[in-house]
Amino acid sequence: MNPVRKKLIRQTLLEALKHAHGFAVPEESLRPHVDALIRPPLSNEEWNAAILELSHESRGLIVQVPSDLDPDLKQWAITERGRTLLATL
Amino acid sequence: MSQDKEIRSDAKLKNLSAEALEDLWRFRNPEEGGEKLTLEAIAVEIPLRWGFTVSLSTLSEFYSWLRLKRRMDSAAERAQQARLELAKDPSITPEDLERVAQTVFTAESIEAGNIKGYVSLAKLRLQAEKHELERAKLAAADKSKIEAGLDALFAEIQGNPRALKLFAELKEVVSKA
């Protein structure tokens, strides 16, 4: 993947989560937002790769939070490490 | 180079004051009776008010960003209200408070169309739980009937060691069922 696009996807994702006031954001809301800001919109492969990389244990930039509304719902929150990294991008 | 310029003007828009962001939102989402401005008109207005230029594509992306930001701000506000309301109840633990606030935020941040789907899903889940509870009650009632039958049988076979041995095995099977 184009490294500039890759960085833009990760940055946009972290920025979106930063606006959530510390709450976790469901993918149903998060993905359309990232898609709207990046042209062309993300493929599923790009989305999954970004989520996997940001949430990987060694990086810990975002974390999955279980949902009481629906156990199958995936939702993500930015971590302190994620905020710190975002400030440097 | 043009991409760098776009990123800079996008960042300038996002970093405007809350009042300026509200003005920009109202340009596209006027209150009743107000005039909705086109992106072209807003692109002309921005340099006059805030001193920098933006392309139409940057402006279009900015409004997508602003829509999500406002939805998240609103969801967080509702979640905070729920948190404050529940905090009045001393029996609610801090962990439960956070869980409820997160659930409110999740529900509020999902598009209205999707909420209907989640409500339907939640209803189905409640129905499934109810059916499971009823099934468990019926099974418990059946087990009581069997146990009552066993008690009667036990009274009948007193004094018959072979029958008592078989009875003990049968009772073990029933207790594990």
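The set of residues in segment A:23-38 being within 8 Å of chain B (Cβ to nearest Cβ) and either part of a loop (DSSP other than H, G, I, E, B) or at pLDDT 90 or above (or both) consists of A:Phe23, A:Ala24, A:Val25, A:Pro26.
Any residue at all in segment A:37-44 that's in contact with a Phe, Trp or Tyr (Cβ under 7 Å, 6 or more places away or on another chain) and touching a residue at least 60 places away in the same chain (Cβ under 8 Å)? Reasoning before the result, please.
Step one: list which residues in segment A:37-44 are in contact with a Phe, Trp or Tyr (Cβ under 7 Å, 6 or more places away or on another chain), which gives A:37.
With the extra rule that they be touching a residue at least 60 places away in the same chain (Cβ under 8 Å), the set shrinks to none.
No, segment A:37-44 contains no residue that is in contact with a Phe, Trp or Tyr (Cβ under 7 Å, 6 or more places away or on another chain) and touching a residue at least 60 places away in the same chain (Cβ under 8 Å).
Whenever a residue of segment A:50-79 is closer than 21 Å to A:Asn2 by Cα and within 9 Å of chain B (Cβ to nearest Cβ), it has no partner that is surrounded by fewer than 19 Cβ atoms within 10 Å (Cβ to Cβ) and not polar (S, T, N, Q) lying with C-beta atoms less than 8 angstrom away and at least six residues away or across chains.
Looking only at segment A:62-89, residues that are closer than 24 Å to B:Asp10 by Cα and in a loop (DSSP other than H, G, I, E, B) come to 1 in all. In segment A:4-22, which residues are more than 10 Å from chain B (Cβ to nearest Cβ) and of a type in the set (D, E, K, R)? Of everything in segment A:4-22, those that are more than 10 Å from chain B (Cβ to nearest Cβ) and of a type in the set (D, E, K, R) turn out to be A:Arg5, A:Lys6, A:Lys7, A:Arg10. Considering only residues that are within 21 Å of A:Gln11 (Cα to Cα) and touching a Ser or Thr at 6+ places or on another chain (Cβ under 9 Å), which ones fall in segment B:66-78? Scanning segment B:66-78 gives B:Leu68, B:Arg71, B:Met72.
The residues of segment B:108-137 that are more than 15 Å from A:His21 (Cβ to Cβ) and either at pLDDT 75 or above or of a type in the set (S, T, N, Q) (or both), listed by number, are B:Ile110, B:Asn114, B:Ser120, B:Gln127, B:His131, B:Glu132, B:Leu133, B:Glu134, B:Arg135, B:Ala136, B:Lys137. Looking at segment B:141-168 only, could you name the residues that are under 44 Å from the mean Cα position of the chain (by Cα) and at pLDDT 80 or above? Once the filter is applied, which keeps residues that are under 44 Å from the mean Cα position of the chain (by Cα) and at pLDDT 80 or above, segment B:141-168 yields only B:Ala141.
The values are calculated or read from the model by the stated rules, or taken from the named source; none is laboratory data. Computed from a predicted structure; not experimentally measured. We place every Cβ from the backbone using ideal geometry, glycine too, and count neighbours over all the protein chains shown.
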